[in-house]
Amino acid sequence: MPSFKLPLAITTGLKSLGVDPSELLRRAGLPLTLFSTGQVHVTTEQLFALWQGIGELSTDPAIGLKLADQVPLAQHHPASIAAHHARNLRDGLQRMARYKLLCCSEEMRMTEKGNECVLEFNWLLSREQVPGFLLDAAFASMLHLGRRGTGVQIRPWRIELRQPAEHREIRERYFGCPIKFAAARNAIVFRRSDLDLPFITYNADLVAMLSPQIDRELVRKKSELTVTGRVKWVLIRLLGGRAPEIDDVAKELGMSCRTLQRRITAEQTTFRRLISDARRELARHYLLQPALEFAEVACLLGYEDPNSFFRAFREWEGTTPSEWRRERKVRSPP
């Protein structure tokens, strides 16, 4: 599964809040040398394990909210630094979305409609519930960006969380807005009028200096992701309980169904083959999780019955799911 760079600066914030990074790695079941390798790459699953560990090691229910303020700006990625010195809040948030695209395991969608600006967060390649402390940190970092940049005590319109109600008073006091739990999405909603608030931290020279480097990284990132690659990425996110239709994917990519079909054909493949490729990649990931039964895996991959999954898996791997899982278990170190 793809991995994403984890900023080493997070260890600075953890220590300041009383969390021992070594103990955290031990609790999360990750290599104890992870933070000393210089370039820390983790999968979404490992990122979630880290945040679960943070919640278990800390007695502070507001640790996710506080951690966003603990990492010095000088240790941020250049794209994040540019966002903090943008022209206004809209520019800053748009730059943060580009930063997420470059460096993080989450996708940040920014939508302006009516009086609202919705920032929706989705973590890639995961069907697990996002740890609450991770969501706190993600939303707090957006609010911190706005408040630091504008010098105004911005208050979001509301926060929407998929998780059940927990620590409502702490969260509402920090964000200064209502929290809607058990929502359909994870999102922080700003007033659209706040987007035009100018940043007192605006630094045109710094942004001009950093932008070429960021643009080169984005070009490289996009060049690595063909249309078929983008389709497969969307399919991996959408698969679960049913097989997505090409209309669903076209909508996600912001193009017409006809245009998407034409581009898929130009890259000498088919939508059906891309669904199969996405299912194969996800199947390998799910089968490495012993707690998942084969019927559950079949459902997560959008198959109507387990037998269809078994037939497809034998075509992909030349063996059965149970044999594949058993072989991987034997290979794994004790």
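See the values below:
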| read-out | value |
| --- | --- |
| Some residue of the range 78-97 being touching a Pro at 6+ places or on another chain (Cβ under 9 Å), open to solvent by 20 Å² or more (accessible area, probe 1.4 Å) and under 27 Å from Leu17 (Cα atoms) | no |
| Of all residues making up the range 111-167, the number that are polar (S, T, N, Q), open to solvent by 60 Å² or more (accessible area, probe 1.4 Å) and at pLDDT 95 or above | 2 |
| Given (1) in contact with an Asp or Glu (Cβ under 8 Å, 6 or more places away or on another chain); (2) over 30 Å from Arg258 (Cα atoms); (3) in a loop (DSSP other than H, G, I, E, B), index of the condition Tyr202 fails | (1) |
| Options Ala295, Ala283: the member that is touching a Leu at 6+ places or on another chain (Cβ under 7 Å), under 25 Å from Ser322 (Cα atoms) and at pLDDT 85 or above | Ala283 |
| Number of the exception - Leu73 against (1) among the aliphatic types (A, V, I, L, M); (2) buried (at least 19 other Cβ atoms within 10 Å of the Cβ); (3) over 19 Å from the mean Cα position of the chain (by Cα) | (2) |
| Filtered residue count, the range 1-45, keeping only those that are modelled with pLDDT of 85 or more and either more than 22 Å from Asp69 (Cβ to Cβ) or in a loop (DSSP other than H, G, I, E, B) (or both) | 11 |
| Leu195, sole failed condition from (1) in contact with a Cys (Cβ under 7 Å, 6 or more places away or on another chain); (2) within 16 Å of Arg87 (Cα to Cα); (3) free of Cβ contacts under 8 Å to residues at least 40 places away in the same chain | (3) |
| Single residue of the range 21-64 satisfying the filter (in contact with a Ser or Thr (Cβ under 7 Å, 6 or more places away or on another chain) and aliphatic (A, V, I, L, M)) that is most open to solvent (accessible area, probe 1.4 Å) | Leu32 |
| Count of the range 258-295 residues which are more than 27 Å from Lys329 (Cα to Cα), open to solvent by 50 Å² or more (accessible area, probe 1.4 Å) and among the hydrophobic types (A, V, I, L, M, F, W, C) | 1 |
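The values are calculated or read from the model by the stated rules, or taken from the named source; none is laboratory data. Since we're looking at a predicted model, the values are computed, not measured. Every residue, glycine as well, gets a Cβ built from its backbone with ideal geometry; the counts of neighbours run over all protein chains shown. To get the accessible areas, we keep the full protein, side chains included, count just its heavy atoms, and leave off ligands, DNA and RNA. Shrake-Rupley method; radii C 1.70, N 1.55, O 1.52, S 1.80 Å.
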